[in-house]
Amino acid sequence: MEDMKKDEFIEQQIDAYVGGTEEPQADLSAAKRALHGEMRRRRRRRRTFFAVLSACACVLLITVLTLSLLPAALDRGVGDTGIAGDANPPAAEPPTSEDPEQNTGTPGQNSVYSLAAAVQRPAGLNELSETYGARHEKLIRLGFLARADYTLYILDGEMVLLRADIVYTQNGARVAATVWADLTEGAKRAEELASFNGLEHQTKTYSYQTEFSDGEYLSRGNFAGTGGYFVEVQSSLYAAFSDLMAYLV
Amino acid sequence: MPPLDNEQLNRLIAAVAAGDADALDAVYALLGKRMFALAYGFVHNRQDAEDILSDSFVKLARFAHTFRAGTNGYGFIMRIVRNTALDFLRSRKRTASENIDDFFSLSDERYSPERREEALLLEGAIGRLPALEKRMIYYRYYLDLTVREIAKETGMSKSAVQRLMESAEAHLKTYLTAGQNPTD
């Protein structure tokens with residue numbers, strides 16, 4: 001279905017309406033610094049990628065040369081039968097610029113996305129129970145037990161992430177938690193959740209780390225449980241995080 | 001404000017993705033007020049709206065490379081602003097929601113005196129629309145969502161969205177025209 005064109009008259013009216021506001025005073029210096037940082041990171045990733053590629057190419061070349069020269073060397077070592085060309089070396093791999101391993105150095109472009117590019121939509125418990133109740137029953141049940149807001153992130157029409165912002169009281173202490181549930185079964189990952197990789201500590205089921213500041217513990221956890229959860233908990237109660245993780249696992 | 005040129009915007013986003021910091025200034029010059037108006041509709045506070053605007057440009061700088069060339073650049077940028085505003089509200093432990101009336105309440109004391117009368121006319125016309133039609137106008141003209149995207153957002157069918165949009169536009173034009181020609 002071809003999309004509806006906007007009405008020009010209305011577009012002009014709204015344009016003029018927005019245009020009458022006072023000029024905002026936004027500071028773009030942070031954005032420009034972020035842009036430079038992003039370019040540096042990409043250059044660094046490209047250098048790493050090409051370094052890995054070059055190393056792989058070197059290894060491949062050495063392997064090819066070794067394989068092609070070794071039989072000839074062995075033949076000479078066994079004795080001269082006078083038969084030329086009898087022990088043909090295995091056909092050398094033709095030199096190729098395509099390295100079948102080249103994609104392991106960089107994540108596939110299609111598997112990493114930005115939350116900023118996704119559409120957010122609040123989701124109700126009934127809808128979530130119907131659609132995701134089987135896989136994320138415990139997470140959704142929290143909405144019946146505590147105060148919870150759920151948000152679905154949609155990318156190109158596909159639900160990719162479910163976010164739950166939960167607040168409750170445990171042993172008299174306030175607990176504020178955010179749980180992100182991966183809905184793509186690991187096929188896609190949000191760039192913004194990369195900070196959940198490489199956490200300090202590891203249990204049998206999840207990795208985590210905790211910081212203490214201003215009387216509260218801020219804990220972050222990552223486990224590939226049912227679809228993959230990324231969890232953040234803030235509370236003055238130290239056990240709040242481990243209790244929540246024990247519930248979700 | 002000059003009419004939006006999606007090709008120009010596509011080129012600017014591509015330039016940002018390529019690391020051109022001046023392209024950020026150009027996007028700001030082209031869309032800054034629209035982005036600010038959207039942010040302001042969420043927070044009703046100039047300082048907060050400007051913070052959201054700044055944060056949105058940081059996100060644009062970091063994620064411009066995820067933009068697919070040839071698609072709707074304006075929608076891409078406004079989506080960044082919308083998500084940034086919702087995240088801002090959540091981080092301040094405020095309810096992250098969209099009250100459509102707030103996006104059509106820009107004519108405060110700082111609004112251009114020359115355009116105030118027209119602004120009040122538009123606000124009055126929007127105010128007369130039923131809630132769902134108001135929402136359609138917001139989705140289509142503020143966020144530049146397609147019919148398909150609006151259908152996914154609202155859970156309505158595409159044909160229902162199309163009918164509602166046509167009705168909203170017809171009503172709005174009637175109210176605006178009547179307001180501009182009060183003797184009609």
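A short reminder: the numbers here are calculations on the coordinates, not readings from a lab. Worth saying up front: this structure is predicted, and the values here are computed from it rather than measured. FYI the Cβ positions are ideal-geometry reconstructions off the backbone, even for glycines, and counts take in every protein chain you see.
Normalized C-alpha radius of gyration of the protein assembly as shown, against 2.2 N^0.38 Å?
Normalised Rg, Cα atoms only: 1.27.
Could you check the spin-label model distance between residue B:120 and residue A:144? Points 7 Å from the Cα along Cα→Cβ, value in nm.
5.3
Would you calculate, for the protein assembly as shown, the mean residue ellipticity at 222 nm contributed by helices, counting each DSSP H stretch of 4 or more residues as -39,500 (n - 2.57) and dividing by all residues, to the nearest 500?
-16500 deg cm²/dmol
Please list, by residue number, everything in the range A:187-229 whose backbone N is under 18 Å from a paramagnetic label point 7 Å out along Cα→Cβ of residue A:111.
Residues passing the 18 Å test: A:187-198, A:223-225, A:227-229.
If R0 is 56 Å, what FRET efficiency do you get for residue B:160 and residue A:68 from their C-beta distance, rounded to 0.05?
The pair residue B:160/residue A:68 has a calculated efficiency of 0.25.
For a test of understanding, tell me how many lysine pairs in the range B:1-158 have Cα atoms under 22 Å apart, given they are 8 or more places apart or on different chains.
Count of close lysine pairs: 5.
Hey, any idea what Rg/Rh is for the range A:179-249, computing Rh the Kirkwood way over Cα pairs?
0.97
Per q in 0.11 1/Å, what log10 I(q)/I(0) does a Debye calculation on the alpha-carbon atoms of the range A:114-248 return?
-0.38
To one decimal place, what Kirkwood hydrodynamic radius in Å is obtained for the range B:1-148 from all pairs of distinct Cα atoms?
Taking every pair of different Cα atoms in the range B:1-148, averaging 1/r and inverting gives 16.1 Å.
Tell me, in nm to one decimal, what length is gained between residue A:171 and residue A:203 on full extension, where the rule is 0.36 nm per residue of separation less the Cα-Cα distance?
Extending this stretch completely gives an extra 9.1 nm.
Taking the range A:167-198, which trypsin sites (Lys or Arg not before Pro) meet the DSSP loop condition and have no more than 16 other C-beta atoms within 10 Å?
none
What ranking of A:41, B:46 emerges when the number of other C-beta atoms within 10 Å of each C-beta is taken as an exposure proxy, fewest first?
With the fewest neighbours first, A:41, B:46 line up as A:41, B:46.
Given all pairs of different Cα atoms, what value in angstroms does the Kirkwood hydrodynamic radius of the range B:100-184 take?
Evaluated on the range B:100-184, it is 13.7 Å.
Which whole-Hz ³J(HN,Hα) couplings does the range A:180-193 yield from phi under the Karplus relation 6.51 cos²θ - 1.76 cosθ + 1.60, θ = phi - 60°, glycine and proline marked x?
After applying 6.51 cos²θ - 1.76 cosθ + 1.60, I find 9, 10, 6, 9, 9, 6, x, 6, 10, 9, 7, 4, 5, 8 Hz.
Calculate, axis by axis, the spread of Cα positions in the range A:107-182 along the three principal axes, and write the results as whole Å, longest axis first.
Principal extents (largest minus smallest coordinate, Cα): 46, 25, 19 Å.
Against the longest principal axis of chain B, how steep is helix B:21-43, in degrees 0 to 90 to the nearest 10, with axes from Cα atoms?
Once rounded, one gets 40 degrees.
Quick one: grab Rg to one decimal and Dmax as a whole number for the range A:1-58, Cα atoms only, in Å.
23.0, 64
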